[in-house]
Amino acid sequence: MTEPFGATFTTSDEWFDSGGTRCAARVYRPTTADHEPPVVVMAHGFGSPRALRLYAYAERFAAAGYVVVVFDYRGFGESGGEPRQLLDIGMQHEDWRAALRFARSLDGVDRDRVVAWGTSFAGGHVITIAGRGEPLAAVIAQVPHVSGPAAVRSAEPRAALRAAAAGVRDAVAARLGREPVLIDSVGPPGHTAMMTSPDARPGMLTLLRESGLTEDDYPATVAARIALKIGFYSPRRWAGNIECPVLVQIVAQDTITPRRVAESAAARIPNSTVRIYDGGHFDPYVEPLFSTVVADQVEFLHRHVPPKPSNDA
């Protein structure tokens, strides 16, 4: 267990089991924790490891009095699992449920006050699992993927066709028991990648730099078969079933999850708080927008899932 210099929390690197595979989890604990603090469980978006700026959010939440669990999906980052870089939506939902079970098993936490925090593709995951009955105290969905058809329409047509062609090759390879055909998660316009908007690759490079990472630290690829499935994944269909408070954070110039689509999905959630910011899809992770976005998240948590003073025990 380590305590960063000057911090008000400790961290420990742990793991939990999901489908027989070890998933890596970093646990943050406030050093002056109140009685049975709530837990915030976090995971990243499309093909990204937790080391890509999620720790910056976790530090803010831990300093605000929350235990935090930040995990990598199977096949990504520090987690186990083969084949690597296989983004399977159903498996990632299973990883989320396993991570939530792990969070509830931690000593000294309030098992009834667990928050799911997801960004981008994981923003869609937390909306889905909450809408399908996972008991949660609150949800934070940052620039969430909410509509498969909208995601496909937002892509440049030729880029979508190139990704789909790679997806077919990967699907055939999977049927034949071969290694996955990988595709870049992000790329410049004209490149074969899942995201090729003008801000995609510059945004990813900024996230790497701000995380102290290089392009060699983690593969920025996914098994291309996801290109054939993403159009059918629409978390907004579950939004109306969510019973807990939800914070939905939208950026006005998002070319990956268009503002209009995200606002429409948020309107279906019975108890939603919507915040809209100027910027693109990758801007909430870094300054100057990061401080505003994470401050709104902490305010939402304190309003709906506040830590309990120890004298209330």
TODO: Beyond 28 Å, what share of the Cα-Cα pairs of the chain is found? Please give it as a whole percent.
DONE: 35 percent
TODO: Compute the length gained on full extension between VAL152 and ARG260: take 0.36 nm times their separation in residues and subtract their Cα-Cα distance, giving the result in nm to one decimal.
DONE: 37.4 nm
Task: Antiparallel DSSP beta bridges within the chain, as percent of all bridges there, nearest 5 - done: 40 percent
Task: DSSP beta bridges in the range 20-151 [antiparallel fraction, %, rounded to 5] - done: 20 percent
Task: Relative packing of 220-228, 120-128, which averages over residues the other C-beta atoms within 10 Å, highest first - done: 120-128, 220-228
Open item on the list: Compute, for the chain, the length of the dipole vector about the Cα centre, with Cβ point charges of +1 (Lys, Arg) and -1 (Asp, Glu) only. Units Debye, rounded to 20.
Closed with: 1140 debye
TODO: Find how much the distance from ARG111 to HIS93 grows on full extension, using 0.36 nm per residue of separation minus their present alpha carbon separation; answer in nm with one decimal.
DONE: 4.5 nm
Task: Percent antiparallel among DSSP beta bridges (both partners in the range 10-75, rounded to 5) - done: 75 percent
Open item on the list: Can you compute the modelled spin-label distance between THR32 and VAL168, with each label point 7 Å from Cα toward Cβ, in nm?
Closed with: 6.2 nm
Task: Backbone HN-Hα couplings from phi across the range 137-147 [Karplus 6.51/-1.76/1.60, Hz, Gly and Pro as x] - done: 7, 6, 9, 10, 10, 9, 5, x, 6, 10, 9
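Bear in mind these aren't lab numbers, they're just calculated from the coordinates by the rules spelled out. Computed from a predicted structure; not experimentally measured. Neighbour counts run over all protein chains shown; Cβ positions are idealised from the backbone, glycine included.
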